[in-house]
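Okay, so here's the structure we're looking at.
The values are calculated or read from the model by the stated rules, or taken from the named source; none is laboratory data. Just so it is clear, the structure is predicted and the values come from calculations on it, not from any experiment. Cβ atoms come from the backbone with ideal geometry, glycine included; neighbour counts cover every protein chain shown.
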Amino acid sequence: MNIPAALHPNVKPGEHEALSRLLAIAAADTGQSRRVADFLLAWWNPAACGAFDITTAWALDDAIALDVLIVFGLAIRCRSYPDTLGYADAFGRVDRSWRPELTD
């Protein structure tokens, strides 16, 4: 998966690393992948892609759950959607993979 190497000035290195790991997980096809994709897409476009049921995180592996917490903190701190932080292409691929009915 092609994830931007250059960080947006508002994205801290640890946040970028956590987000990169989650994007890689979402690119696969496992139960963890679906849960991670649902989380990421709820940030990307909650109106079209659906909200994230917080109890879904109960089924995440501990390391993945920690990355979700880090990325959730990033979204809150930056008050921005991922496309404005340089992740439009990566999130677009997750969107097309997990919500194909929403693409043209």
message: What pairs come out if I take residues in the range 88-104 that are under 17 Å from ASP29 (Cβ atoms) and pair them with residues that are part of a loop (DSSP other than H, G, I, E, B) and of a type in the set (Ser, Thr, Tyr) whose C-beta lies under 8 Å away, six or more apart or interchain?
response: ASP95/THR103; ARG96/THR103
task: Please find, within the range 41-51, the residue that is surrounded by the most Cβ atoms within 10 Å (Cβ to Cβ) out of those that are of a type in the set (A, V, I, L, M) and in a helix (DSSP H, G or I).
output: LEU41
query: Within the range 24-36, can you find the residues that are farther than 17 Å from ILE70 by Cβ, touching a residue at least 40 places away in the same chain (Cβ under 8 Å) and of a type in the set (Gly, Ala, Ser)?
result: ALA27
query: Just wondering, is there one or more residues in the range 67-82 that are acidic (Asp, Glu) and touching a residue at least 12 places away in the same chain (Cβ under 8 Å)?
result: yes
message: Checking ASP38 against (1) in contact with a helix residue (DSSP H, G or I) (Cβ under 7 Å, 6 or more places away or on another chain); (2) among the charged types (D, E, K, R); (3) in a loop (DSSP other than H, G, I, E, B), only one condition comes out false. Which one?
response: (3)
- prompt: Pick from the range 52-73 the residues that are modelled with pLDDT under 95 and either acidic (Asp, Glu) or part of a loop (DSSP other than H, G, I, E, B) (or both): which of them is surrounded by the fewest Cβ atoms within 10 Å (Cβ to Cβ)?
  reply: ASP53
